[in-house]
């Protein structure tokens with residue numbers, strides 16, 4: 001048997017080197033790509049509202065300004081109402097937390113003893129804190145996303161023209177179909193997440209208020225925000241509420257835990273299936289694995305962007321496969 005001869009042409013070498021350099025370049029500008037992706041995502045989320053206003057013969061530029069004004073006004077009024085209460089209650093919670101941890105006893109162990117067995121939890125607050133600090137310290141990035149989203153919304157109606165120039169007639173149809181599907185899926189995901197976070201926050205707050213739990217508002221806000229983290233988020237919110245409940249009485253902690261379990265059951269069996277599964281079509285296991293992978297790669301930010309990135313990649317692949325299945329005319 002003659003030994004097979006493997007030839008490596010210069011084209012193969014150039015392609016391999018170019019591919020590796022391309023991967024390195026993408027990784028090097030990953031922060032910029034993240035900003036572009038966020039801008040595209042917000043553009044797809046806001047575009048249906050802008051298009052809806054245009055049906056009333058409002059110019060697109062004015063429609064975008066109106067949508068921006070509504071969103072910013074809502075955020076501003078919400079923060080103006082909630083921040084004073086939140087600061088007051090959160091400062092009280094932070095002040096009381098050392099005594100809470102010192103006085104808590106469970107099966108003969110103090111919180112200090114138990115904390116040594118759960119060192120992995122120590123990184124969670126620091127990761128969240130670093131993400132929050134980075135968010136507010138990078139106002140320039142937020143402004144860039146704000147401006148890029150604005151111009152992308154302005155140019156959205158000309159997508160067909162740009163796609164035809166870059167990709168040709170066949171690519172034009174492909175790009176149009178991708179953006180059409182993404183507009184539906186990303187908007188549904190964002191709306192679903194907002195509804196879920198609001199629902200869990202309100203349910204938690206009503207339960208905590210009924211139980212007479214201290215610091216009900218910050219605990220409810222934490223529960224709502226942790227809703228973006230499947231399984232682990234609601235558990236952490238429930239544990240925190242139970243710890244605070246112990247400052248009042250053991251029975252309050254027990255009822256806080258029971259209420260947390262009830263909210264989780266409502267979420268898992270009614271809220272999530274009705275909102276997220278119908279809107280986005282992702283299996284909960286796929287969602288958990290996606291968020292876990294995102295957290296491993298990019299921390300808290302990676303976890304938050306994992307699902308929209310997955311939806312984008314899945315949509316692109318599905319559109320390409322659907323186009324391949326269509327008989328050529």
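Bear in mind these aren't lab numbers, they're just calculated from the coordinates by the rules spelled out. Here the structure is a predicted model, which is why all the values come from computation and not from measurement. Neighbour counts run over all protein chains shown; Cβ positions are idealised from the backbone, glycine included.
Remarks
- Taking every alpha-carbon pair within segment 160-226, the share separated by more than 17 Å comes to 60 percent.
- For the pair residue 21 and residue 58, a Förster radius of 56 Å applied to the C-beta separation gives a FRET efficiency near 0.75, rounded to the nearest 0.05.
- In this label model, residue 194 and residue 140 are separated by 3.0 nm, measuring between points 7 Å along each Cα→Cβ vector.
- Distance between the pseudo-spin-label points of residue 249 and residue 206 (7 Å out from Cα toward the beta carbon): 2.4 nm.
- Over 14 Å [Cα-Cα, segment 215-255], rounded percent: 44
- Once both labels are positioned 7 Å from their Cα atoms along Cα-to-Cβ, the gap between residue 74 and residue 12 label points is 5.6 nm.
- As a calculated quantity, the FRET efficiency between residue 289 and residue 266 at R0 = 41 Å, using C-beta atoms, amounts to about 0.95.
- Residue exposure proxy: 314, 155, ordered by other Cβ atoms within 10 angstrom of their Cβ from fewest to most, comes out as 155, 314.
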